[in-house]
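Values quoted throughout were computed directly from the atomic coordinates according to the rules given, and no laboratory measurement underlies them. Owing to the predicted nature of the structure, the values given are computational and were not obtained by experimental measurement. In this analysis, Cβ positions are derived from the backbone assuming ideal geometry, glycine residues included, and neighbour counts consider all displayed protein chains.
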Amino acid sequence: MAAMLSFSYKGFRIVCTAVPAPDGRWRGMAEVLKIADGILRDHRLSQMGGTIQHDERAALDTATELAKAWVDDR
């Protein structure tokens with residue numbers, strides 16, 4: 001079963017997911033979204049990931065680090 005983590009970071013919304021890979025490990029991915037005003041949808045600015053880890057938590061943590069680094073480098 002997939003796991004998801006969503007949080008705000010420096011004015012952006014970060015959505016991280018960890019999904020099982022075919023070999024039993026976990027693939028971590030992240031999206032960085034610009035938070036939209038009002039009822040409009042958030043806008044995706046970047047998608048990153050594909051990291052393969054041995055457990056779900058490590059996959060989420062790695063995806064989180066990648067997304068935060070992307071925001072910090074802007």
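Here are the numbers:
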{"quantity": "Most mobile listed residue (ARG44, ARG27, ARG13) in the chain, GNM with C-alpha springs under 10 Å", "calculated": "ARG44"}
{"quantity": "Crossing angle, helix 56-72 versus the chain [Cα axis fit, 0-90 degrees, rounded to tens]", "calculated": "30 degrees"}
{"quantity": "Along each principal axis, Cα extent of the chain, largest first, Å", "calculated": "41, 26, 15"}
{"quantity": "Cβ-defined net charge surrounding TRP26, 14 Å radius [Lys, Arg +1; Asp, Glu -1]", "calculated": "-1"}
{"quantity": "Top of ILE52, ILE35, ILE14 by mean-square fluctuation, Gaussian network on the chain, Cα under 10 Å", "calculated": "ILE35"}
